[in-house]
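In what follows, a single structure is set out as structure tokens and then discussed.
The values are calculated or read from the model by the stated rules, or taken from the named source; none is laboratory data. What you see is a predicted model, and the numbers here were worked out from it, not measured in a lab. Here the Cβ positions follow ideal geometry from the backbone for every residue, glycine too, while neighbour counts run over all protein chains shown. These area figures cover heavy atoms from the full protein model, side chains too; ligands, DNA and RNA do not enter into them. Shrake-Rupley method; radii C 1.70, N 1.55, O 1.52, S 1.80 Å.
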Amino acid sequence: MPRSPLSFPFTGRTRSTTAAIGPENAPVLGPRDAPAIAPSGGRLAGLDGLRALAVIAVVLYHFFPAILPGGFIGVDVFFVISGFLITGLLVSEHTRTRRISLGRFWQRRARRLVPPLIPVILISCTLAFLIDGDVLVGLGAQLLGATTFGYNWVSIANDASYFSVNEPELLRNLWSLAVEEQFYLVWPLLLLAVLLIRRPWVRLALVIALFLASALWMGVLYQPGADPTRVYYGSDTHSFGLFAGAALALLLRRPSDKRDELPRVRPWLGAAAVLAIIAFALWLPEDGAATYRGGLVAVSLATAVAIWAGVRGGRFGRLLDATPLRYLGERSYGIYLWHWPVLVLVQLLWPTSSPFGSVLPIGLLAAVITLTLAGASYRWLEMPIRRVGVRGTIRRVGALWTGPTRRRRLVAATAVLSVLLVGGTTAAVVAAPAQTSAQSRIERGQRAMDAAARATRVAAAEAARQATAAPALTDGPITAIGDSVMLASAPELQATFAGMTIDASVSRGMYSADEIVLALKAAGQLQPVVVIGLGTNGPITVNELTKILSVLGPHRQLVLVNAYAERDWTDGVNTTLAEFAAGNRRVELANWHDTIAGRLDLLAGDHVHPGPTGGQLYADEVRAALVRLAAVPPLPDTSWLLRNPDAPRPPPYR
């Protein structure tokens with residue numbers, strides 16, 4: 001996320017910084033009745049600390065999702081800070097010169113954002129080309145989005161999901177940079193119109209109206225149970241944080257004698273706002289209605305309060321800018337840019353399914369690499385460009401060529417490396433496959449399901465009986481309900497079980513099973529034996545399983561297929577399924593996890609979806625579970641108890 005060490009006229013006190021800031025980031029003047037109050041290189045107190053908290057939240061969310069499941073709200077903190085800084089800069093320029101130089105503004109934004117982005121793209125894409133595989137899928141579209149700052153809309157058009165854990169999208173984190181850049185493009189034009197209004201409260205009301213419109217539009221477009229990527233990525237639905245920051249910048253432009261609101265309680269309000277942000281990071285779900293119908297708006301408002309408490313001066317801002325937080329805040333843009341591609345590449349080289357792989361060491365290694373690369377970018381790329389600009393930096397590099405031989409060699413090596421990286425990125429785009437290995441296996445299963453649906457059930461059962469000598473148990477009709485793992489295994493399931501009807505879909509979870517079972521039952525399509533494999537895409541509860549068994553009724557049997565996936569919820573899912581199956585005689589467990597755990601070569605690159613051989617193992621494990629289920633003795637006939645209630649009861653069964 002971009003950060004500008006700017007000083008604005010609505011600050012109470014500023015602190016100096018040792019970093020040399022280029023002319024484009026020099027302090028701006030205040031309103032006509034207030035002089036410039038910041039020394040050259042002044043900074044707004046508290047903003048580096050807030051940036052640090054925001055980037056920590058995002059990195060933890062991606063590296064260790066179980067620790068901070070709502071850490072994605074760090075992006076909204078960045079949005080508010082950016083809207084606040086940019087609006088303050090533009091309004092101050094307009095106050096000082098009665099105009100806004102749009103060309104200079106956009107040039108400054110490009111100079112701040114683009115140079116650190118270039119090595120991220122070139123290095124990441126070249127390494128992805130060397131690794132090869134699923135990570136290259138869609139890379140051309142990603143590069144198009146990255147280079148045009150339209151990544152969010154390109155992803156929406158391609159139905160990409162921000163929350164998917166099965167698709168290693170290399171540059172996914174650039175969606176938020178696209179939202180900000182689009183704001184930087186449009187907002188100065190709108191602000192020029194807003195500043196034509198003389199009454200400050202009307203200006204503020206218009207910006208607040210934009211804030212409310214974006215927030216309400218997110219709530220309207222959000223559909224519970226559906227992937228929320230559209231409302232999360234959309235510039236129309238996710239710009240309220242930027243407008244919240246803009247409104248705060250307008251609100252704080254007061255005469256100098258009205259700049260010390262609530263001096264005694266302000267630090268406490270700021271601290272409460274920071275605690276609220278942390279609470280949201282711990283609590284907000286990535287796919288819950290509370291997030292998109294008020295939660296992210298609340299995060300933006302809490303951030304605005306924290307900014308207000310920090311920039312007005314006092315101990316709160318100084319505490320928030322403690323040295324470790326200030327260090328991370330100054331490098332937050334580079335950290336944000338590097339952390340996601342680094343994580344994707346490290347996971348490809350060191351998957352959690354490997355003998356020594358787990359979330360903790362992989363996350364720690366990715367964190368070390370990220371901090372190293374972000375620090376190098378800050379020192380040798382970002383700061384030189386801020387001091388002397390892009391042209392000045394190029395001239396300095398050129399001057400090295402006339403220096404000692406060692407420096408000339410360094411320049412030559414850098415030039416050669418740059419050419420290789422451009423070539424590697426080009427090769428990565430050219431070599432990118434059309435779809436991931438998981439997608440090809442899912443489509444294979446879908447084709448098998450479609451073919452089975454076109455044939456009559458009687459003909460399919462007859463053909464299966466003639467082609468196989470399966471046990472009598474598999475000759476009976478079976479209903480199978482599952483997710484993309486079952487979908488990928490559909491051809492083998494249909495070849496193994498005569499008369500099996502499969503209803504499987506991508507990204508389906510156990511929470512939807514009771515409604516599916518109820519609909520099949522109402523349509524008369526629910527068979528005596530039901531197989532359910534829905535543990536891949538999220539946690540499950542005993543209550544969900546109990547509802548399924550209740551809908552099935554007392555005369556149907558159930559096989560639950562457990563899950564194999566490198567997800568933090570998988571162990572909990574498998575424990576719940578095993579305990580539920582052990583506690584009910586009509587339920588049996590198909591242990592897909594243990595069956596495939598030692599055969600990861602049979603899975604796609606995502607280590608989730610099986611190919612033909614893995615699909616046959618899936619079908620064989622379901623058959624073994626059905627055989628165990630058939631071996632359970634039937635329940636005794638206890639209807640005679642109704643005729644003789646005093647008779648002794650038979651021994652209980654499990």
Review point. Can you name the number of the only condition in (1) part of a helix (DSSP H, G or I); (2) open to solvent by less than 30 Å² (accessible area, probe 1.4 Å) that L190 fails?
Key: (2)
Practice item. Tell me, please, whether a residue that is within 24 Å of the chain's Cα centre (by Cα) and free of Cβ contacts under 8 Å to residues at least 60 places away in the same chain can be found in the range 180-193. Key: yes
Revision key, fill the gap. Among Y336, Y232, Y327, the single one that is hydroxyl-bearing (S, T, Y), over 30 Å from W217 (Cα atoms) and touching a helix residue (DSSP H, G or I) at 6+ places or on another chain (Cβ under 9 Å) is Y327
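Give the residue that is most open to solvent (accessible area, probe 1.4 Å), with candidates limited to residues of the range 219-230 that are modelled with pLDDT of 90 or more and within 17 Å of the chain's Cα centre (by Cα).
R230
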Check your understanding: What tally of residues in the range 592-602 results from selecting those that are of a type in the set (D, E, K, R) and open to solvent by less than 40 Å² (accessible area, probe 1.4 Å)?
Key -> 0
Review point. Does L493 satisfy the condition of being under 23 Å from A604 (Cβ atoms), in contact with a helix residue (DSSP H, G or I) (Cβ under 9 Å, 6 or more places away or on another chain) and either of a type in the set (S, T, Y) or in a helix (DSSP H, G or I) (or both)?
Key: yes
Revision key, fill the gap. Sole miss for D260 among (1) over 23 Å from G150 (Cα atoms); (2) modelled with pLDDT of 95 or more; (3) of a type outside the set (V, I, T) is condition (2)
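Within the range 57-83, take every residue that is in a loop (DSSP other than H, G, I, E, B) and closer than 16 Å to F163 by Cα and give me the one that is least open to solvent (accessible area, probe 1.4 Å).
We begin by selecting, within the range 57-83, every residue in a loop (DSSP other than H, G, I, E, B); these are 64-70.
Going one step further and asking which of them are closer than 16 Å to F163 by Cα, we end up with 64-66, 68-70.
Values: F64: 28, P65: 53, A66: 73, L68: 21, P69: 55, G70: 0 Å².
If we take residues in the range 57-83 being in a loop (DSSP other than H, G, I, E, B) and closer than 16 Å to F163 by Cα, then G70 is least open to solvent (accessible area, probe 1.4 Å).
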Practice item. Please work out which residue is nearest to A578 (Cα to Cα), limiting yourself to the range 529-563 and to residues that are surrounded by 22 or more Cβ atoms within 10 Å (Cβ to Cβ) and of a type in the set (S, T, N, Q). Key: N562
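For R318, state whether it is open to solvent by 70 Å² or more (accessible area, probe 1.4 Å) and either touching a residue at least 60 places away in the same chain (Cβ under 8 Å) or farther than 30 Å from F129 by Cα (or both). If you could, list the steps in order and put the result at the bottom.
Numbers: open to solvent by 70 Å² or more (accessible area, probe 1.4 Å): yes; either touching a residue at least 60 places away in the same chain (Cβ under 8 Å) or farther than 30 Å from F129 by Cα (or both): yes.
For R318, the condition - open to solvent by 70 Å² or more (accessible area, probe 1.4 Å) and either touching a residue at least 60 places away in the same chain (Cβ under 8 Å) or farther than 30 Å from F129 by Cα (or both) - is met.
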Review point. What single numbered condition from (1) open to solvent by 30 Å² or more (accessible area, probe 1.4 Å); (2) closer than 13 Å to W338 by Cα; (3) polar (S, T, N, Q) fails to hold for T370?
Key: (1)
Point to revise | Among residues of the range 603-654, those that are open to solvent by less than 20 Å² (accessible area, probe 1.4 Å), more than 34 Å from the chain's Cα centre (by Cα) and modelled with pLDDT of 90 or more, counted | key: 2
Review point. Within the range 92-116, which residues are within 22 Å of L190 (Cβ to Cβ), among the hydrophobic types (A, V, I, L, M, F, W, C) and open to solvent by 10 Å² or more (accessible area, probe 1.4 Å)?
Key: I100, L102, W106, A110
Review point. If you scan the range 564-591, which residues turn out to be among the β-branched types (V, I, T) and either farther than 19 Å from S164 by Cα or open to solvent by 40 Å² or more (accessible area, probe 1.4 Å) (or both)?
Key: T575, T576, V587
Point to revise | Looking only at the range 226-239, and only at residues there that are in contact (Cβ under 8 Å) with a residue 60 or more places away in the chain and part of a loop (DSSP other than H, G, I, E, B), the one that is farthest from V299 (Cα to Cα) | key: D227
Check your understanding: What is the number of the single condition among (1) open to solvent by 60 Å² or more (accessible area, probe 1.4 Å); (2) more than 27 Å from A157 (Cβ to Cβ); (3) out of contact with any Pro (no Cβ under 8 Å at 6 or more places or on another chain) that G294 does not meet?
Key -> (1)
**Study point:** The listed residue being of a type outside the set (G, A, S) and without any contact (Cβ under 8 Å) to a residue 24 or more places away in the chain, out of L301, L284, L262, L269
**Key:** L262
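If we scan the range 46-56, do we find a residue that is at positive phi and either modelled with pLDDT of 95 or more or open to solvent by less than 10 Å² (accessible area, probe 1.4 Å) (or both)? Even if it seems obvious, please write down each step before you answer.
Within the range 46-56, the subset at positive phi is 46.
Cutting the leftovers down to either modelled with pLDDT of 95 or more or open to solvent by less than 10 Å² (accessible area, probe 1.4 Å) (or both) gives us 46.
Checked the range 46-56: at least one residue is at positive phi and either modelled with pLDDT of 95 or more or open to solvent by less than 10 Å² (accessible area, probe 1.4 Å) (or both).
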Check your understanding: Can you pull out the residues in the range 566-593 that are closer than 26 Å to L349 by Cβ and not in a loop (DSSP other than H, G, I, E, B)?
Key -> T570, D571, H593
Study note, to complete from the structure: the range 317-379: helices (runs of 4 or more DSSP H) wholly inside it with 1 or more residues that are over 20 Å from the mean Cα position of the chain (by Cα) and modelled with pLDDT of 95 or more are 323-330, 359-377
Exercise for review: Pick out the one residue from L242, L216 that is over 21 Å from the mean Cα position of the chain (by Cα) and part of a helix (DSSP H, G or I).
Suggested key: L216
Review point. How many residues does the range 480-499 contain that are out of contact with any Ser or Thr (no Cβ under 8 Å at 6 or more places or on another chain) and open to solvent by 10 Å² or more (accessible area, probe 1.4 Å)?
Key: 4
Practice item. Would you mind telling me which numbered condition in (1) within 27 Å of R230 (Cβ to Cβ); (2) at pLDDT 95 or above; (3) open to solvent by less than 30 Å² (accessible area, probe 1.4 Å) T126 fails? Key: (1)
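For (1) touching a residue at least 40 places away in the same chain (Cβ under 8 Å); (2) open to solvent by 60 Å² or more (accessible area, probe 1.4 Å), each residue gets a yes or a no:
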| site | (1), (2) |
| --- | --- |
| R379 | no, yes |
| M383 | yes, no |
| T393 | no, no |
| V397 | no, yes |
| W401 | no, yes |
| R406 | no, yes |
| R409 | no, yes |
| S418 | yes, no |
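May I ask you to list the residues in the range 155-179 that are among the β-branched types (V, I, T), surrounded by fewer than 22 Cβ atoms within 10 Å (Cβ to Cβ) and outside any loop (DSSP other than H, G, I, E, B)? Step through it out loud before you land on a result.
Going residue by residue through the range 155-179, those that are among the β-branched types (V, I, T) are 156, 165, 179.
Applying the additional criterion that residues be surrounded by fewer than 22 Cβ atoms within 10 Å (Cβ to Cβ) yields 156, 165.
Selection gives I156 alone.
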Review point. Does at least one position in the range 131-150 carry a residue that is part of a helix (DSSP H, G or I) and under 30 Å from L248 (Cα atoms)?
Key: yes
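In the range 507-528, how many residues are surrounded by 19 or more Cβ atoms within 10 Å (Cβ to Cβ) and not in a helix (DSSP H, G or I)?
Just the residues of the range 507-528 that are surrounded by 19 or more Cβ atoms within 10 Å (Cβ to Cβ), to begin with: 508, 510, 513-514, 516-517, 526.
Restricting the remaining residues to those that are not in a helix (DSSP H, G or I) gives 508, 526.
Summing the residues that are surrounded by 19 or more Cβ atoms within 10 Å (Cβ to Cβ) and not in a helix (DSSP H, G or I) in the range 507-528 gives 2.
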